[in-house]
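The values are calculated or read from the model by the stated rules, or taken from the named source; none is laboratory data. All of these numbers come straight from a predicted model, not from anything done at the bench. Cβ coordinates were reconstructed from backbone atoms using ideal geometry, including for glycine residues, and neighbour counts include every protein chain displayed.
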Amino acid sequence: MSGAPLIQSSAAHDDGVYIEGREGHDGHGHIKSFVRRAGRMSDAQHRYFDDMMPKIGIAYRPENIDLNAVFGRDNPKILEIGCGMGETTAKIAEANPDSDYFGLEVHVPGVGALCKLIAEKNLSNLRIGNHDAVEVVRDMLPEGSLSGIHVFFPDPWHKTRHKKRRLIQPHFVELLASRLKPGGYFHCATDWENYALQMLDVLGRETSLQNSVANPTAEALAAALEADSSAGLAGFAPRPEYRPLTKFENRGLRLGHGVWDVIFEKK
Ligand SMILES: C[S@@+](CC[C@H](N)C(=O)[O-])C[C@H]1O[C@@H](n2cnc3c(N)ncnc32)[C@H](O)[C@@H]1O
């Protein structure tokens, strides 16, 4: 690790207008799981981004970082990919002060919103990276450095032609699994049934991971994928207490929509 500062101080926005992501390939061979969006940040998001990111932002750079040095202690390190507006991220960090959380989010207003929560709750165990998770995991996180990975409600990319943009793909899952310590956990959740089946399938094929609950048989999983239905399929985990229900999820559940948790462990 070189002596360059880890802190992210450059705001990716100007006059409230932000630009993020890139369409299609990034020139390094991977398809982005997000698209360029232009929009406005609220004044508060802008202010908190500028005030907090120099203190708690972890800037992207193409070299390994020492997370124990970043947090100043040798406690479990949990990565969250796609924090959105950060409510869940902040709640989990607040409820688990003995673990350290590294949240990644490309959406700049979301990062501003999470900065506000970190300031208001005075959280010292949560840091943010405002960069593509694929590059951060690939370039910055050492093998075996994580005790857990959260991927909650990743963009479902509903249309068949967009499925290649989904985050949970074999290559990225293999990379993520390599960053887990033995016994570390990989937790995905989604409210999109087809993506839930993909998560179970892709994580189930990663040989360094094992399902935390009974795995479906290969025949049952193949039949479920063919039918595009999870009905009666084993392999999904009950929602653990540490993942709080979101307002959006609560409303969906009341309307009878499903939510699936997929939790694997590193062998
Ligand atoms: C549907 S939202 C879910 C947000 C949050 N986890 C929740 O449960 O409400 C998915 C988020 O993932 C972010 N995202 C997608 N691809 C990403 C990537 N490669 N790196 C970092 N964030 C990403 C998006 O910007 C978006 O905010």
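At-a-glance table
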read-out: Options Glu206, Glu219: the member that is in contact with a Phe, Trp or Tyr (Cβ under 8 Å, 6 or more places away or on another chain), over 22 Å from Phe102 (Cα atoms) and charged (D, E, K, R); value: Glu206
read-out: Residue in region 157-164 that is among the hydrophobic types (A, V, I, L, M, F, W, C) and crowded, with 23+ Cβ neighbours inside 10 Å present; value: no
read-out: Tally of residues being in contact with a Lys or Arg (Cβ under 8 Å, 6 or more places away or on another chain), farther than 18 Å from Ser147 by Cα and surrounded by fewer than 17 Cβ atoms within 10 Å (Cβ to Cβ) across region 36-77; value: 2
read-out: Test: Ala196 is hydrophobic (A, V, I, L, M, F, W, C), in a helix (DSSP H, G or I) and over 16 Å from the mean Cα position of the chain (by Cα); value: no
read-out: Any hit, region 135-154, residues being at pLDDT 95 or above, part of a loop (DSSP other than H, G, I, E, B) and under 20 Å from Met53 (Cβ atoms); value: yes
read-out: Every pair of residues 6+ apart whose Cβ atoms lie under 8 Å, when the first sits in region 227-256 and is under 16 Å from Glu80 (Cα atoms) while the second is polar (S, T, N, Q) and away from the ligand (no atom under 15 Å from the Cβ); value: Tyr242/Asn96
read-out: Filtered residue count, region 222-249, keeping only those that are in a helix (DSSP H, G or I), within 25 Å of the chain's Cα centre (by Cα) and surrounded by 12 or more Cβ atoms within 10 Å (Cβ to Cβ); value: 3
read-out: Matching entry among Phe186, Phe172 (being assigned to a strand (DSSP E or B) and under 23 Å from Cys83 (Cα atoms)); value: Phe186
read-out: Selection from region 168-185 of residues that are surrounded by 21 or more Cβ atoms within 10 Å (Cβ to Cβ) and either within 15 Å of the ligand (Cβ to nearest atom) or modelled with pLDDT under 95 (or both); value: Ile168, Val173, Leu176, Arg179
read-out: Residue that is farthest from the chain's Cα centre (by Cα), among those in region 101-119 that are more than 12 Å from the ligand (Cβ to nearest atom) and either over 18 Å from Lys247 (Cβ atoms) or not in a helix (DSSP H, G or I) (or both); value: Ala119
read-out: Restricting region 135-156 to residues that are in contact (Cβ under 8 Å) with a residue 60 or more places away in the chain and out of contact with any strand residue (DSSP E or B) (no Cβ under 9 Å at 6 or more places or on another chain), the residue that is nearest to the ligand (Cβ to nearest atom); value: Asp155
read-out: Meets criteria (away from the ligand (no atom under 14 Å from the Cβ) and of a type in the set (Gly, Ala, Ser)) for Ser33; value: no
read-out: Residue match in region 78-94 (condition: basic (Lys, Arg), buried (at least 19 other Cβ atoms within 10 Å of the Cβ), outside any loop (DSSP other than H, G, I, E, B) and in contact (Cβ under 8 Å) with a residue 12 or more places away in the chain); value: no
